[in-house]
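Notes follow the structure.
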Amino acid sequence: MIIYKTEEEIELIRASAKVLAQAHGEVAGMIKEGVTTRALDQRAEEFIRDHGGQPSFKGYNGFEYSLCISPNSVVVHGFPSDYQLKSGDVVSVDCGVLLNGYHADSAYTYPIGEVAPEVLKLLEETKKSLYLGIEQAVAGNRMGDLGYAIQNHVEKQGYGVVRELVGHGIGQKLHERPEVPNYGKRGAGLKLQEGLVLAIEPMVNLGTKSVIQEKDGWTIRTKDFKPSAHFEHTVVVRKDKAEILTSFEYIEKALQ
């Protein structure tokens, strides 16, 4: 069942999204060479709890961390660890916040130090594809329009769009219906209606679209071990223009 949100519920998600955006900003301010991904996870959890929220991911299906931290060829669901960030890395940080009974979810991929130009371009084009997808999240469009916008943009650059992992509805549950693929055909799929809240999250690989799951049962990595990028916003389908509830404002401020 697809759950359309009332304006009151959207305001509750917006409140979660604000704490989430600020938590991302805290993490962004720490990201540099030599920092462990575990330290980033600890700071995010501390900030979220200090602001009355709970980390959406911690305890989800047995996941033990507040952040999914995915360096280089790890697409998503990477475990925080004692791994120290180094120059040339790219690292995706995915975070969710539960506040007042409602979740928000977003992700951002960071370059560390001197990163190869072709990898920086991957990050730039993946982020651009997120906003192209969001532009299609208006009432009357189809889910395929959204997926096509993302797929068409990144495949023109020669990148691979991950098929096995998709975005999702979000609200009182972290993952709700419908699924939000990052590929599709224009005019196909679910007709979008006002009040639908979606986590739109392109996962784009520098090389092949194919991925493998590691033995830990969580970590998803590119099959060719080339880098991957991941950007995500929580958005509301509206009549004329999608509304973005999450924000990269605090990240961008921290990176200045």
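The values are calculated or read from the model by the stated rules, or taken from the named source; none is laboratory data. Keep in mind it's a predicted model, so treat the numbers as computed, not measured. For neighbour counting, all protein chains shown are included, and Cβ atoms are generated from backbone atoms with ideal geometry for every residue, glycine included. SASA here: full protein model, heavy atoms, side chains in, ligands and nucleic acids out. Shrake-Rupley method; radii C 1.70, N 1.55, O 1.52, S 1.80 Å.
Determine the gain in length on full extension of the stretch Asn100-Gln42; use 0.36 nm per residue of separation and subtract their C-alpha separation, reporting nm with one decimal.
Length gained, Asn100 through Gln42: 18.7 nm.
Counting only other residues whose beta carbon sits under 15 Å from that of Ile48, what net charge do I get with K and R as +1, D and E as -1?
Neighbourhood net charge equals -3.
Please give, to one decimal in nm, the separation of the simple spin-label points placed at Glu118 and Glu179, each 7 Å out from Cα toward the Cβ.
A separation of 3.1 nm, rounded to one decimal place.
Which of Ile48, Ile200, Ile150 moves most in a GNM of the chain, Cα contacts under 10 Å?
Checking each option, the largest mean-square fluctuation is seen for Ile48.
Excluding ligands, DNA and RNA, what is the solvent-accessible area per residue of segment 135-256 at a probe of 1.4 Å, expressed in Å²?
That works out to 47 Å² for each residue.
Report the full-extension gain for the segment Thr208 to Tyr60: residue separation times 0.36 nm, less the Cα-Cα distance, to one decimal in nm.
That pair, Thr208 and Tyr60, stretches by 50.4 nm at full extension.
In units of 2.2 N^0.38 Å, what is the alpha-carbon radius of gyration of segment 10-99? Intermediate results must be reported in sequence, preceding the final value.
On the way: Rg = 12.8 Å, N = 90, 2.2 N^0.38 = 12.2 Å.
Here the answer is 1.05, to two decimals.
How much of the pair distance distribution for the chain lies past 27 Å, counting alpha-carbon pairs only, in percent?
The calculated P(r) of the chain puts 31 percent of pairs beyond 27 Å.
Mind checking which aspartates and glutamates have their Cα closer than 13 Å to the Cα of Lys209? Skip sequence neighbours fewer than 8 apart in that chain.
Straight-line reach from Lys209, under 13 Å: Glu155, Glu164, Asp224.
Counting only residues 5 or more places away or on other chains, whose amide H sits under 5 Å from the amide H of Val211 once H atoms are built in the peptide plane?
Those lying under 5 Å, H to H, from Val211 are Lys223.
Output wanted: per-residue J couplings in Hz (rounded whole) for segment 60-75, from phi through Karplus 6.51 cos²θ - 1.76 cosθ + 1.60, θ = phi - 60°, x for Gly and Pro.
Each residue of segment 60-75 in turn: 6, 6, x, 5, 9, 10, 8, 10, 8, 10, 10, x, 6, 7, 7, 7 Hz.
GNM on the chain, C-alpha springs below 10 Å: top fluctuator among Glu243, Glu118, Glu155?
So, out of Glu243, Glu118, Glu155, the one fluctuating most is Glu118.
For the chain, set up a GNM with springs between Cα atoms under 10 Å and report which of Tyr108, Tyr131, Tyr83 has the largest fluctuation.
Tyr83
So for the pair Asp82, Asn152, with labels modelled 7 Å out along Cα→Cβ, what separation do we get in nm?
That separation, rounded to one decimal, is 5.0 nm.
Between their Cα atoms, which of Lys5/Lys32; Lys223/Lys253; Lys156/Lys241; Lys86/Lys127 are more than 30 Å away from each other?
Numbers: Lys5/Lys32 39 Å; Lys223/Lys253 34 Å; Lys156/Lys241 25 Å; Lys86/Lys127 22 Å.
Long pairs (Cα-Cα over 30 Å): Lys5/Lys32; Lys223/Lys253.
Once neighbouring chains are kept in place and the probe is 1.4 Å, which whole percent of the accessible area of segment 7-255 is contributed by carbon and sulfur?
Percent of accessible area from carbon and sulfur atoms in segment 7-255: 47.
List the residues whose amide H sits under 5 Å from the amide H of Val35, counting only those 5 or more places along or on another chain, with H placed 1.01 Å from N in the peptide plane.
Result for Val35 returns Leu85.
Amide H of Leu245 versus every other amide H placed in the peptide plane: which residues, excluding those fewer than 5 positions away on the same chain, fall under 5 Å?
Thr234, Val235, Val236
Residues in segment 1-22 near a label at Glu243, defined as backbone nitrogen under 12 Å from the 7 Å Cα→Cβ point?
Counting only backbone N, you get 5-15.
Label point 7 Å out from Glu33 along Cα-to-Cβ: which residues of segment 54-72 have amide N under 18 Å?
72
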